[in-house]
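The values are calculated or read from the model by the stated rules, or taken from the named source; none is laboratory data. These numbers were taken from a predicted model, which means no experiment stands behind them. Using ideal geometry, Cβ is built from the backbone for each residue, glycine included, and neighbour counts are taken over all protein chains shown. To get the accessible areas, we keep the full protein, side chains included, count just its heavy atoms, and leave off ligands, DNA and RNA. Shrake-Rupley method; radii C 1.70, N 1.55, O 1.52, S 1.80 Å.
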Amino acid sequence: MKIHEYQAKDILRRFGVPVQPGKVATTADEAERIAQEFGGPVVIKAQVYVGGRGKAGGVKIAQDPAQAREVAGRILGMDIKGLTVEKVLVTPALDIKEEYYLGVTLDRASQALVVIVSAAGGIDIEEVAEKEPEKILRHVVDMRWGLPPFQARKLLAAAGVPSVVVARGGAILSALVKACIESDATLAEINPLALTADGKVIAADAKIIIDDNALPRQKEYAAWAEPEEANPLEFAAKAEGLTYVKLDGDVGIVGNGAGLVMTTLDMVARAGGKPANFLDIGGGAKAAAMKKALLFVARDPQVKGIFVNIFGGITRGEEVAQGIIMAQSELPVGMPIVARLAGTGEVEGRAMLANAGLTWGADMRDGAQKIVAEIAAKGK
Ligand code: GDP
Ligand code: MN
């Protein structure tokens, strides 16, 4: 999950990384008031989930509160790489002399975090990596120890960071690695780490990506998620505790168990259909859960029909059938539903579906073919 610069800086501050104070504004008025509070020149920075804001015109220095108001007014509402700027960070401007790059990222090949350091900071690190790879230093972190300050200092020195910056920069890099590990981040980056004219070493920008799989235990950060930025249905599903993934076809899919659901996607694709989404109801679902799952899947306006594929173990066929029948009256009129039930209670479940006039698949392939055919027939 991406978070904003001001949030990343909040995290880094807790780990002892020097960061400018800052406040978020959603209107030009507010930006003016904050600039007044800080006094002196401020930087107005677009808070959107993309990098390269500076180049796109989303980072500007304002000399006084009046200018802060004007600049914020221009940046708010701006489109940066397809994202609308809804808030800006207002922070006292630094007199930057030099810029360096510090990054930590999860490297699957090394099965560890990898620290990336460069004395050529401020600019796009991918660009440096491409054009001047010799300016970038990589170090695989020993996950037992993190990156002790002495190691961090050694790295910075080797990367050509001036010696006056190495001691404080080392402490910052070490803290960045700690912040990355403890907040379950897959990326933590300071670009630029600034050396100011008065000799301060400070994080002028920060970027952190939290591992989605860690959100259940990183509750504070999970609460920072912005529903309108992500997929609203996936967001709603998470809030309701449903395992749901949005895709881009027109067949809604409900199944139980990840393996069965994946196979169902393949079956639908093989039958010539395209899944719109899938919802895994897990084991032991009762009728009410089945009904809820169907109604949720149907909330996606792209869904033209639903395929329910259940292998009964603890989950009983009668419960599944009952749930489908209950959902039917609340689903859009004429929405095709095909169910395939196997295992516990399959005979009873199928009989219930047949009585209610619902289509059922003899097996997985038959069910997939039927739902694709019914959707096609409706489209004619
Ligand atoms: P990004 O473009 O999204 O990475 O946003 P940054 O926060 O990194 O800002 C881009 C550039 O603006 C930095 O590399 C700096 O050169 C400049 N910048 C940001 N904050 C300040 C500041 O406080 N003072 C000065 N002089 N320049 C700044
Ligand atoms: Mn930056």
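A few notes on this one:
- Considering the stretch 203-217, the residues that are without any contact (Cβ under 8 Å) to a residue 60 or more places away in the chain and open to solvent by 80 Å² or more (accessible area, probe 1.4 Å) include one that is nearest to ligand 1 (Cβ to nearest atom), namely Asn213.
- Residue within the stretch 139-148 that is more than 16 Å from ligand 2 (Cβ to nearest atom), in the same structural domain as Thr105 (by TED's automatic domain parsing), within 27 Å of Gln47 (Cβ to Cβ) and modelled with pLDDT of 95 or more present: no
- Some residue of the stretch 55-65 being under 27 Å from the mean Cα position of the chain (by Cα), outside any strand (DSSP E or B), within 14 Å of ligand 1 (Cβ to nearest atom) and farther than 20 Å from Ala8 by Cβ: yes
- Residue in the stretch 363-380 that is modelled with the highest pLDDT, counting only those that are open to solvent by 60 Å² or more (accessible area, probe 1.4 Å) and either part of a strand (DSSP E or B) or of a type outside the set (D, E, K, R) (or both): Gln369
- Residues within the stretch 65-108 that are modelled with pLDDT of 95 or more and of a type in the set (Lys, Arg), tallied: 4
- Selection count, the stretch 51-110, where residues are open to solvent by 20 Å² or more (accessible area, probe 1.4 Å) and hydrophobic (A, V, I, L, M, F, W, C): 12
- Filtered by the rule that a residue be more than 16 Å from ligand 2 (Cβ to nearest atom) and under 14 Å from the mean Cα position of the chain (by Cα), the stretch 189-218 gives Ile210, Asp211, Asp212, Asn213, Ala214, Leu215, Pro216, Gln218.
- Among (1) within 24 Å of the chain's Cα centre (by Cα); (2) farther than 21 Å from Pro332 by Cα; (3) open to solvent by 50 Å² or more (accessible area, probe 1.4 Å) - the single one Gly257 does not satisfy: (3)
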